[in-house]
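The values are calculated or read from the model by the stated rules, or taken from the named source; none is laboratory data. Computed from a prediction, not measured in an experiment: that's the story for all the values here. Cβ placement follows ideal geometry from the backbone for every residue including glycine, while neighbour counts extend to all protein chains displayed. Areas reflect the complete protein model, heavy atoms only, side chains present, ligands, DNA and RNA absent. Shrake-Rupley method; radii C 1.70, N 1.55, O 1.52, S 1.80 Å.
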Amino acid sequence: LVKRSGKNNFQFYQMTQAKNDLESLKIETNLRKALERDEFLLNYQPKLDLASGKVSGVEALIRWKHPQKGFISPADFIPLAEKTGLIIPIGEWVLRTACMQAVAWQKAGLPAFEISVNLSVRQLYQPYLLEKIQGILEESGLDPAYLELEITESIMMDSEHALKILNELRSLGIKISLDDFGTGFSSLHYLKEAPITKIKIDQSFVRNCTTDSNDATIVKTIIVMTQQLNLEVNAEGVESEDHLAFLQKYHCNEAQGYYFSQPLTADEFARQFSRMERIVSPSEEAWDENI
Ligand code: C2E
Ligand code: MG
Ligand code: MG
Ligand code: MG
């Protein structure tokens with residue numbers, strides 16, 4: 001009996017596997033056509049400066065409106081885009097669209113703030129990345145000081161090449177933040193070596209920082225460490241007033257999360273801008289650099 005059910009399970013597995021393969025093949029074909037069919041859009045999630053309560057920036061997050069399936073999460077198609085190399089043209093589209101949008105908001109009268117774009121490992125290895133980005137900055141007219149690229153710890157693994165490109169990006173005036181900090185193969189060595197300007201504490205630590213003493217310690221320690229290293233620190237996944245109070249207490253520079261706002265379309269973002277700047281009350285005294 002055990003044997004039989006084992007065999008059945010195996011057949012079942014093979015069938016679902018085949019179905020999944022076919023499914024992902026279809027998705028891949030559609031992903032190839034998605035750019036020309038104009039099926040991608042960007043949402044923008046505000047980042048709040050916790051000392052002043054002002055919007056310090058927005059993170060651009062890609063969305064795919066699939067003709068049959070509706071919205072597909074980037075968590076589901078970005079890995080496929082990376083695997084197939086499609087991340088190169090898609091990533092370029094994201095950069096161009098985000099930079100153009102940032103300038104459009106400035107022209108519409110919003111104060112200038114940073115625009116952050118997620119950069120995948122694959123993009124860092126694309127030939128002429130620097131020239132492409134320079135071209136996009138010129139085309140859009142965006143001051144490079146307002147562009148931030150978010151990279152993950154996995155990028156740092158091949159340090160020699162990564163460091164070279166990152167340094168070149170920095171020399172253009174572009175900022176570099178280390179996303180999902182604490183979840184990858186972090187090495188404190190890279191923090192010292194790499195030209196990073198900000199660390200983003202992963203939401204898995206922030207989520208429980210007010211209920212789990214280990215997470216509280218991790219979040220506090222990352223904040224202190226980044227400030228001692230003269231880096232900025234951002235907390236992702238802020239979902240409650242308690243999270244915000246905790247982060248303000250320990251002088252975290254910047255935060256983002258559903259408590260402030262979900263990622264929004266460009267128009268929604270512009271409409272909600274003044275509401276967002278009323279959420280965080282500015283602190284009375286100027287913050288000390290170090291705790
Ligand atoms: P990420 O860069 O770490 O982005 C943060 C993710 O957390 C976003 O998910 C955002 O919607 C979500 N989030 C924001 N606030 C909260 C919160 O309070 N609670 C919770 N539970 N989640 C929150 P999203 O948009 O689904 O993106 C997932 C990931 O896909 C991103 O993680 C990023 O790694 C990748 N991604 C998104 N857009 C792009 C892109 O244009 N290029 C590349 N290469 N990757 C992208
Ligand atoms: Mg990110
Ligand atoms: Mg993240
Ligand atoms: Mg992530």
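Values as computed for the structure displayed
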read-out: Filtered residues of region 257-276 (kept if of a type in the set (Gly, Ala, Ser) and in a helix (DSSP H, G or I)); value: Ala266, Ala270, Ser274
read-out: Filtered residues of region 213-239 (kept if open to solvent by 60 Å² or more (accessible area, probe 1.4 Å) and either of a type in the set (D, E, K, R) or within 16 Å of ligand 4 (Cβ to nearest atom) (or both)); value: Lys220, Glu232, Glu239
read-out: Single match in Phe71, Phe77 (criterion: within 16 Å of ligand 4 (Cβ to nearest atom), farther than 27 Å from Glu232 by Cβ and in contact with a strand residue (DSSP E or B) (Cβ under 9 Å, 6 or more places away or on another chain)); value: Phe77
read-out: Qualifying residue in region 246-267 (condition: more than 24 Å from Ile115 (Cβ to Cβ), more than 16 Å from ligand 2 (Cβ to nearest atom) and open to solvent by less than 20 Å² (accessible area, probe 1.4 Å)); value: no
read-out: Subset of region 198-221 that is out of contact with any Phe, Trp or Tyr (no Cβ under 7 Å at 6 or more places or on another chain) and in contact (Cβ under 8 Å) with a residue 24 or more places away in the chain - its residue that is nearest to ligand 1 (Cβ to nearest atom); value: Gln203
read-out: Pairs, first closer than 14 Å to Glu131 by Cβ in region 84-102, second of a type in the set (Lys, Arg), C-beta under 8 Å, six or more apart; value: Ile88/Arg122; Glu92/Lys132; Leu95/Lys132
read-out: Looking only at region 193-247, and only at residues there that are acidic (Asp, Glu) and part of a helix (DSSP H, G or I), the one that is nearest to Leu172 (Cα to Cα); value: Glu193
read-out: Condition check for Glu239: of a type outside the set (Val, Ile, Thr), in contact with a Lys or Arg (Cβ under 9 Å, 6 or more places away or on another chain) and over 27 Å from Cys99 (Cα atoms); value: yes
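Each row is one residue, and each column tells you yes or no for (1) under 20 Å from the mean Cα position of the chain (by Cα); (2) in contact (Cβ under 8 Å) with a residue 40 or more places away in the chain; (3) open to solvent by 50 Å² or more (accessible area, probe 1.4 Å).
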| residue | (1), (2), (3) |
| --- | --- |
| Lys26 | no, no, yes |
| Leu35 | no, yes, yes |
| Pro46 | yes, yes, no |
| Val55 | yes, yes, no |
| Lys69 | no, no, yes |
